């Protein structure tokens, strides 16, 4: 027997915070540019609050007529170390996925270009965050990694179904999902 599920039990819809209330993302607007600086030392690990701040900042910038460009960068040596696995528990998986979706959907749906300036390692969810920008500027210190692939997990946000405006070839998807297989089974 399948029991009905109340989605409110699995998603969090906290009150939308103003950018000046953000804890993990510094937000400022100057000369038509909304700059969002990730600032959760030491590794900018993505937790639910930070993901919600990213989504909220992008939404706020998108609603302002004086903003023409959104820049996402980092105050730390690491652009973003991916998900804070301490918060990514079986009890919180739906809230984290909801927050992830809100941040990435915000980047895709905002009517202004999003530029990601990667000034250090972008690992896992951090690489995905950068990939969702309209333009990525990688400094010489930038490094990109998808460690979950090495344990057989294909990251959801970068798979074609999760990111429909990006186009991936079947070979690219196959090689990413199965990096140890080198022979094409066409």
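The conditions are (1) in a helix (DSSP H, G or I); (2) crowded, with 19+ Cβ neighbours inside 10 Å, and residue 122 fails exactly one of them. Which is it?
(1)
Yes or no: segment 70-85 includes at least one residue that is part of a helix (DSSP H, G or I), modelled with pLDDT under 95, buried (at least 22 other Cβ atoms within 10 Å of the Cβ) and assigned by TED's automatic domain parsing to the domain that holds residue 140. So that I can check it myself, show each step before the final result.
Residues of segment 70-85 part of a helix (DSSP H, G or I): none.
Within segment 70-85, none of the residues are part of a helix (DSSP H, G or I), modelled with pLDDT under 95, buried (at least 22 other Cβ atoms within 10 Å of the Cβ) and assigned by TED's automatic domain parsing to the domain that holds residue 140.
Would segment 52-65 turn up any residue that is assigned by TED's automatic domain parsing to the domain that holds residue 101, within 14 Å of the chain's Cα centre (by Cα), surrounded by 21 or more Cβ atoms within 10 Å (Cβ to Cβ) and in a loop (DSSP other than H, G, I, E, B)?
Checking segment 52-65: not a single residue is assigned by TED's automatic domain parsing to the domain that holds residue 101, within 14 Å of the chain's Cα centre (by Cα), surrounded by 21 or more Cβ atoms within 10 Å (Cβ to Cβ) and in a loop (DSSP other than H, G, I, E, B).
Among the residues that make up segment 131-140, is at least one of them assigned to a helix (DSSP H, G or I), at pLDDT below 95 and either assigned by TED's automatic domain parsing to the domain that holds residue 42 or under 14 Å from the mean Cα position of the chain (by Cα) (or both)? Explain how you work it out, then say what you get.
Applying the first criterion (assigned to a helix (DSSP H, G or I)) to segment 131-140 yields 131.
If we keep only those that are at pLDDT below 95 too, we end up with 131.
Next, only the ones that are either assigned by TED's automatic domain parsing to the domain that holds residue 42 or under 14 Å from the mean Cα position of the chain (by Cα) (or both) stay: 131.
Looking through segment 131-140, at least one residue is assigned to a helix (DSSP H, G or I), at pLDDT below 95 and either assigned by TED's automatic domain parsing to the domain that holds residue 42 or under 14 Å from the mean Cα position of the chain (by Cα) (or both).
Would you please name the residue that is farthest from the chain's Cα centre (by Cα), looking only at residues in segment 15-33 that are without any contact (Cβ under 8 Å) to a residue 40 or more places away in the chain and assigned to a strand (DSSP E or B)?
The residue in question is 30.
Looking at the structure I just gave you, is residue 114 surrounded by 18 or more Cβ atoms within 10 Å (Cβ to Cβ), on the phi < 0 side of the Ramachandran plot and assigned by TED's automatic domain parsing to the domain that holds residue 142? Let's see the steps before the verdict.
Numbers: surrounded by 18 or more Cβ atoms within 10 Å (Cβ to Cβ): yes; on the phi < 0 side of the Ramachandran plot: yes; assigned by TED's automatic domain parsing to the domain that holds residue 142: yes.
Against the criterion (surrounded by 18 or more Cβ atoms within 10 Å (Cβ to Cβ), on the phi < 0 side of the Ramachandran plot and assigned by TED's automatic domain parsing to the domain that holds residue 142), residue 114 qualifies.
Of (1) out of contact with any strand residue (DSSP E or B) (no Cβ under 7 Å at 6 or more places or on another chain); (2) crowded, with 18+ Cβ neighbours inside 10 Å; (3) more than 18 Å from residue 17 (Cβ to Cβ); (4) in contact (Cβ under 8 Å) with a residue 60 or more places away in the chain, residue 99 satisfies all except one. Which?
Only one criterion in (1) out of contact with any strand residue (DSSP E or B) (no Cβ under 7 Å at 6 or more places or on another chain); (2) crowded, with 18+ Cβ neighbours inside 10 Å; (3) more than 18 Å from residue 17 (Cβ to Cβ); (4) in contact (Cβ under 8 Å) with a residue 60 or more places away in the chain is unmet by residue 99, namely (3).
Could you count how many residues in segment 58-83 are touching a helix residue (DSSP H, G or I) at 6+ places or on another chain (Cβ under 8 Å) and closer than 18 Å to residue 124 by Cβ? Before you say what the answer is, go through the steps one by one.
Going residue by residue through segment 58-83, those that are touching a helix residue (DSSP H, G or I) at 6+ places or on another chain (Cβ under 8 Å) are 58-60, 62, 67, 70, 72, 78-83.
In the following step, the residues that additionally are closer than 18 Å to residue 124 by Cβ were identified as 72, 78-83.
Residues flagged as touching a helix residue (DSSP H, G or I) at 6+ places or on another chain (Cβ under 8 Å) and closer than 18 Å to residue 124 by Cβ within segment 58-83 amount to 7.
The values are calculated or read from the model by the stated rules, or taken from the named source; none is laboratory data. All values reported here derive from a predicted model rather than from experimental measurement. Note that we place each Cβ from the backbone using ideal geometry, even for glycine, and neighbour counts take in every protein chain shown.
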